[in-house]
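Structure first, commentary second.
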Ligand code: AMP
């Protein structure tokens with residue numbers, strides 16, 4: 001079923017959203033992007049004459065009630081965003097009466113799902129090494145099903161719009177879907193857009209396809225790099241991870257960040273790219289600093305000949321131009337991870353050059369997907385969010401999807 005086709009009039013919909021918004025010490029929301037992201041789905045259901053039961057997690061309360069992570073703190077903000085009153089159920093597993101009393105157009109927000117260990121389905125208070133662990137896990141899985149069944153009993157249909165947790169097989173993200181038939185469960189608009197974005201990168205590719213992978217470590221990106229190797233024409237590697245490549249090839253990298261146990265992996269990636277005919281683009285020069293700070297002295301040096309006492313902090317001008325040329329010619333673009341320590345204003349130029357080239361390619365008709373926390377932070381810092389095709393809201397979920405893994409939250413609905 002799709003959200004556009006479903007007739008919500010007179011129905012109760014239980015919707016999993018990601019309202020894990022950041023709060024300050026006074027419990028006020030500091031960034032409401034996630035609430036705004038869910039509005040199209042929530043408003044569609046209300047406008048169609050449905051009643052809404054909204055559920056989410058907040059933070060990591062580890063299966064215990066912790067009022068610092070209570071969703072009651074965001075009830076008024078949700079009401080304001082929706083333009084209707086919001087009722088609150090202080091115990092998400094004991095909300096049957098409140099749900100039953102809901103009339104069309106009314107909204108009930110459930111308390112933090114993760115106040116119950118059943119949400120995540122991991123046994124608590126028992127070590128993995130404990131001989132009783134397997135039994136505890138079995139029991140927890142059984143009570144997770146009961147918990148999911150209780151949540152399901154509140155509503156006629158289930159909508160999952162929480163892409164940020166789609167890579168988790170939790171009670172509210174996946175298990176609950178077993179209690180609805182295929183005509184009564186669907187993805188929300190945000191999830192639909194995210195799934196479509198991933199499909200544009202993995203299935204409906206227009207060539208040339210250029211992926212830009214940056215950030216600090218090659219070890220955390222290896223799954224994606226390997227999956228993309230069969231799909232991309234150009235693979236740009238940038239940021240801190242490239243010094244592992246420079247060292248592996250015999251370069252001098254000074255104090256630059258490096259994973260010494262991944263030197264062979266770097267050489268393997270270079271070989272794989274050659275074997276698969278992928279144009280692997282590594283930086284030729286870099287901006288080096290004499291310490292890790294925004295006040296450091298800097299100089300532009302060859303990326304494989306960094307003087308002792310200096311460290312590579314950003315892509316140099318020759319590298320920026322080379323990256324831009326490859327990006328501007330692309331028809332499909334994926335960017336994950338910055339080209340430098342962009343948190344310091346002195347070292348944003350490399351990431352900015354990438355962002356500008358992506359914007360130019362997008363204006364020329366390319367499809368561009370920006371995903372993973374730090375490149376999203378970069379694009380926002382440069383005020384260029386409206387110049388790319390799509391910015392993913394999912395960190396881990398997006399990365400797992402691009403690695404080619406099936407997301408339990410999507411599979412539970414689409415049955416893939
Ligand atoms: P990741 O979490 O692996 O995507 O890495 C993102 C982080 O990589 C950001 O916080 C950047 O500051 C950092 N980073 C990028 N380039 C470098 C570099 N040359 N040296 C140290 N850290 C870097």
Label model pair residue 28, residue 149: point-to-point distance (7 angstrom along the Cα→beta-carbon line) in nm is 4.5 nm
When the chain is fully extended, how far beyond the present Cα-Cα distance does residue 263 get from residue 360, taking 0.36 nm per residue of separation?
-> 31.5 nm
Between residue 203 and residue 276, the FRET efficiency computed from the C-beta separation at R0 = 25 Å comes out, to the nearest 0.05, as 0.85
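Over the Cα atoms of the range 11-64, what is the Rg over Rh ratio if Rh follows Kirkwood?
Answer for the range 11-64: 1.05.
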Given the chain, what percent of its DSSP beta bridges are antiparallel, to the nearest 5?
-> 20 percent
Using only the Cα atoms of the range 196-402, what do you get for the radius of gyration and for Dmax, in Å?
-> 15.8, 47
For the range 12-187, taking Cα atoms only, what is the radius of gyration to one decimal and the Dmax to the nearest whole Å?
-> 16.0, 53
Quick one: compute the contact order of the chain, relative version, from alpha carbon pairs under 8 angstrom and 6+ residues apart, as a percent.
-> 15 percent
Counting pairs of Cα atoms in the range 291-361, how many percent are more than 19 Å apart?
-> 36 percent
Return the Cα extents of the range 137-191 along principal axes one, two and three, sorted largest first, each rounded to a whole Å.
-> 35, 24, 16
Assuming 1.306 mPa s and 10 °C, estimate D for the range 1-108 with Stokes-Einstein, Rh taken as the Kirkwood radius over Cα pairs, in µm²/s.
-> 109 µm²/s
May I ask for log10 I(q)/I(0) of the range 194-308 at q = 0.10, 0.14, 0.15, 0.18 Å⁻¹, from a Debye sum over the Cα atoms as equal point scatterers with solvent left out?
-> -0.34, -0.62, -0.69, -0.92
For the range 1-51 and the range 191-254, distance of Cα centres in Å = 33 Å
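Could you state the orientation-averaged shadow area of the convex hull built on the Cα atoms of the range 368-416, in nm² to one decimal?
Averaging across all directions leaves 3.8 nm² for the Cα convex hull.
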For residue 64 and residue 387, calculate 0.36 nm times their separation in residues minus their Cα-Cα distance, and state this gained length in nm to one decimal.
-> 112.0 nm
Using the Cα atoms as the points, what is the convex hull volume per residue of the chain in Å³?
-> 160 Å³
Report, for the range 12-187, the % of DSSP beta bridges that are antiparallel, rounded to 5.
-> 5 percent
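Where a number appears in this text, it was derived from the coordinates with a stated rule and is not lab data. Computed from a predicted model, the values in this text were never measured in an experiment. A quick note on method: Cβ atoms are made from the backbone with ideal geometry, for glycine too, and the neighbour counts reach across all protein chains shown.
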